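Data first, discussion second: the structure below is written as structure tokens.
The values are calculated or read from the model by the stated rules, or taken from the named source; none is laboratory data. The model shown is predicted, which means the values in this text are computed figures rather than measured ones. Here the Cβ positions follow ideal geometry from the backbone for every residue, glycine too, while neighbour counts run over all protein chains shown.
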Amino acid sequence: MKNKKRLEEQIFLWIMRVVTGSIILVFFLILLVIVQKGWRALSWEMISQEPQGGFYFGKGGGILNAIVGSLYLAFGSTFLSVLIGLPVALGMNVHWVRNKRWVNILRFLLDALWGVPSIVFGAFGFALMTYFHLRASLLAGIITVTLFIVPIFIRALDEVLRTIPSGLLEASYSLGATRTRTAFGVFFRQALPGFITALLLAFGRGIGDAASVLFTAGYTDHIPQTLQDPTATLPLAIFFQLSSSIPEVKERAYAAALILTGIILAISVLSRLATRKFKKNIL
């Protein structure tokens, strides 16, 4: 019997090591491919300049328009997601905690929205633009991406809030705190590391998605000056350049992918550092 349990444990450990090693291997293979194919095209000119005439045919210029556009889009949609999602997530775990039936229905709907492909959100955003006679713009892209990532943000934060002991809720009420004060002063503070993780997850999906902005944000060679201007994004820049038959343009697509990966990795590192700092302030 002991030998059987030991064998089962060894098999499980072996599977765990193989799967973990495979994930790490795939991650470094992705990095290797985009670095190998895009490093030669990566330059200060590419990062610091807008596309010039004939850029998509191998001539001069860069993708500054797509870099700035992606950051505008991701930061704007993430900001709106926090404004919408934070009260909802806190409400589900503090204000509406006794209405379990409705909270579970809301969780089901949010899970369903999480699973909807981003192209569907893009089609929905395009339908709204057509109905209200709006054109493709940075604002339309931000709204569409917000609709796409807000369920992700809410459910990610909700799962963290559900791990907080219910005793903290009762203790806060017994000290005379209101529900709102309990939500933001107790639950949000305890869930701060999880909030940062949810924020990163939403931002990563927002900056890396192409389908949801394909019909709504448009594309331009210039940096948008107002919310009504169309905007380029890195995922669309990668898509358009990778579709080219010109080798130099394809190399630029991999360089753009390298820049996008670098942005996400940098934000991930910063969020880890912030999470470690804020973990010191929780119980």
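Is segment 87-100 home to any residue that is under 24 Å from Thr220 (Cα atoms), assigned by TED's automatic domain parsing to the domain that holds Ala140, in contact with a helix residue (DSSP H, G or I) (Cβ under 6 Å, 6 or more places away or on another chain) and of a type in the set (Gly, Ala, Ser)? The answer is no, given that none of the residues of segment 87-100 is under 24 Å from Thr220 (Cα atoms), assigned by TED's automatic domain parsing to the domain that holds Ala140, in contact with a helix residue (DSSP H, G or I) (Cβ under 6 Å, 6 or more places away or on another chain) and of a type in the set (Gly, Ala, Ser). The set of residues in segment 107-138 being among the hydrophobic types (A, V, I, L, M, F, W, C), under 18 Å from the mean Cα position of the chain (by Cα) and surrounded by fewer than 20 Cβ atoms within 10 Å (Cβ to Cβ) consists of Ala112, Leu113, Trp114, Val116, Ile119, Val120. Pairs linking a residue in segment 163-175 that is surrounded by 15 or more Cβ atoms within 10 Å (Cβ to Cβ) to a residue that is outside any helix (DSSP H, G or I) and small (Gly, Ala, Ser), with Cβ atoms under 7 Å and 6 or more positions apart or on different chains, are Ile164/Ala191. Please go through segment 191-240 and give me each residue that is polar (S, T, N, Q) and more than 17 Å from the chain's Cα centre (by Cα), ordered by number. Across segment 191-240, the qualifying residues are Thr216, Thr220, Gln225, Thr226, Gln228, Thr231. Candidates in segment 1-28 are the residues that are under 30 Å from Thr261 (Cβ atoms) and not β-branched (Val, Ile, Thr); of these, the one that is nearest to the chain's Cα centre (by Cα) is Phe27.
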